[in-house]
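The values are calculated or read from the model by the stated rules, or taken from the named source; none is laboratory data. Owing to the predicted nature of the structure, the values given are computational and were not obtained by experimental measurement. Neighbour counts run over all protein chains shown; Cβ positions are idealised from the backbone, glycine included.
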Amino acid sequence: MSAKLTIATAIAVACFALARPASAQEVLRDAETEAFFRDMSAPIITAAGLDPRNVDVALLNDGEINAFVAGGQTVYMNAGLIGAADHAEEIQGVFAHELGHIVGGHVIRSGEGSRPALGITLLSLLLGAAAAAAGSPDAGAGIFLAGQQAALGKYLAFSRAQEATADAASVKFLSGAGISGRGSVNFFKKLENYEYRAGFKRNADAEFYSTHPLTADRLATLQDAFEQDPAWTKPEDPELQRRFLRVKAKLLGYLAEPQQTLTAYPDYLNDVPAHYARAYAYHKQAFMDKALAETDAILAQEPDDPYALELKGQVLLESGHPADALPSLRRAVELTRNQPLIATTFGHALLATEDPANFPEAERVLKAAVAKDHENPFAWYQLGVVYEAEGDTPRARLASAEQQQLELRFAESLRSAEAAEAALPKGSPDWLRAQDIALSSRAMIERTRKKH
């Protein structure tokens, strides 16, 4: 019985992984990181025949070295992937592969692999039951187990074919963008090394049970293809590499324990990434002066670095000095032309001063932030606080409804939207928006009830 369950579960897990919702994991958002993702991916997206405005890259708080797609045109990259890479070209190589899955419609077509596997499973079940009924229970069990094994093999072979197709697409896309495939090859070499250290051994079972072609085989195929491409010897983009090293250091500083960060970026390192990482480490330890010394060291090199200004303002704000944070954050907003994540932090600082004179500016900044980035629940929360402070309760309820719906709290968003709708001028844009939120929240509640 356990053998049957193990094989059947393997098929179910493999199918489920292709449709795994990213909402089950924490999405990390950072203005500088998102700008890097946008710029490093744009030429690859264009080479693939898509519009860069319609393809997103999301960063997940997951230490596993992985990237995936889950429907739509979003590539999800784990924090562990960024940490394992040393060059921007490696991230571009991974992105190009995942874009191959999007262009190939692999998530949508996953049923093409699971349906035949399911058919084999059902057929083996019927034949096994017939054999058992004819007085041969052992033969029946054997037929069923063989069928399960065949079904699993069918599905995994389909998955491996999709991965090989995505690999081939990545070669085409990187070549079209004029980006060297060295990064892709080097990253596969890292994966091969990780497998070796983990004790992976190539054998028939390893090949059969893998959802991907074996790394050594993929590496050989990719290296052969990339070495024939004119871009193979093209130098890496120094500006993109500079930005990647900053993003990588910032991510480690944000996620890792302070001591781990300080070990990776000791005091004798005086480049911008090191200052970045140590600023986060000291801030997490509540050493405000040390954290500010690190941000000021960056600003001494680059006085108009908007992201260093943002970090300085964040340190001051979160250390209980919101008024002192305002100049740095205001300048960062100006330099980035109202980048919505930075603007949200600025709006938060304005409100945190508890000075009513700052509230009109906070409202203006936060309204601009949600206009550019509608899916930022914290910005909606802050905007609701502004409206409530100004006595505009209906719009405060509407802002709460926006926030709660983004956080999948549909019962609360329904109540807030209905309260806003009842008090807002009938027919106004805000009244219509409250209606929309109420309708969609009600539909999601009903859908959830039907599932249960």
Among the residues of region 7-24, is there at least one that is at pLDDT below 95, in a loop (DSSP other than H, G, I, E, B), surrounded by 14 or more Cβ atoms within 10 Å (Cβ to Cβ) and within 11 Å of the chain's Cα centre (by Cα)?
-> no
For Arg330, are the conditions met, namely being among the basic types (Lys, Arg) and over 29 Å from Tyr282 (Cα atoms)?
-> no
Per the filter on region 142-183, residues at pLDDT 85 or above, more than 11 Å from His97 (Cα to Cα) and assigned to a helix (DSSP H, G or I) are Ser175, Gly176, Ala177, Arg182, Gly183
Which residue, of Glu446, Glu390, is surrounded by fewer than 22 Cβ atoms within 10 Å (Cβ to Cβ), modelled with pLDDT under 95 and under 30 Å from Phe346 (Cβ atoms)?
-> Glu390
Which ranges mark the helices (runs of 4 or more DSSP H) fully within region 240-341 that have 1 or more residues being surrounded by 22 or more Cβ atoms within 10 Å (Cβ to Cβ) and not β-branched (Val, Ile, Thr)?
-> 272-284, 288-301, 306-318, 322-335
Unmet criterion (only one of (1) of a type outside the set (Gly, Ala, Ser); (2) within 13 Å of the chain's Cα centre (by Cα); (3) surrounded by 22 or more Cβ atoms within 10 Å (Cβ to Cβ)) for Arg38 = (3)
Filtering region 311-347 down to residues that are of a type in the set (Asp, Glu) and touching a Leu at 6+ places or on another chain (Cβ under 7 Å) yields Asp324
Considering Glu375, Glu446, which residue is among the charged types (D, E, K, R) and not in a helix (DSSP H, G or I)?
-> Glu375
Quick one: how many residues across region 58-79 are buried (at least 18 other Cβ atoms within 10 Å of the Cβ), out of contact with any strand residue (DSSP E or B) (no Cβ under 6 Å at 6 or more places or on another chain) and either part of a helix (DSSP H, G or I) or modelled with pLDDT of 90 or more (or both)?
-> 1
Criterion: over 23 Å from Glu363 (Cβ atoms) and not hydrophobic (A, V, I, L, M, F, W, C) - qualifying residue of Glu407, Glu421, Glu446, Glu402 = Glu446
Condition met for Leu222 (crowded, with 19+ Cβ neighbours inside 10 Å and under 22 Å from Val94 (Cβ atoms)) | yes
Candidates Ala411, Ala420, Ala434, Ala438 - the one that is in a helix (DSSP H, G or I), touching a Pro at 6+ places or on another chain (Cβ under 6 Å) and surrounded by 12 or more Cβ atoms within 10 Å (Cβ to Cβ) | Ala420
Of (1) in contact (Cβ under 8 Å) with a residue 24 or more places away in the chain; (2) over 27 Å from Arg29 (Cβ atoms); (3) of a type in the set (A, V, I, L, M), Val386 satisfies all except one. Which?
-> (2)
Is one or more of the residues making up region 68-76 without any contact (Cβ under 8 Å) to a residue 60 or more places away in the chain, closer than 16 Å to Val103 by Cα and more than 16 Å from the chain's Cα centre (by Cα)?
-> no
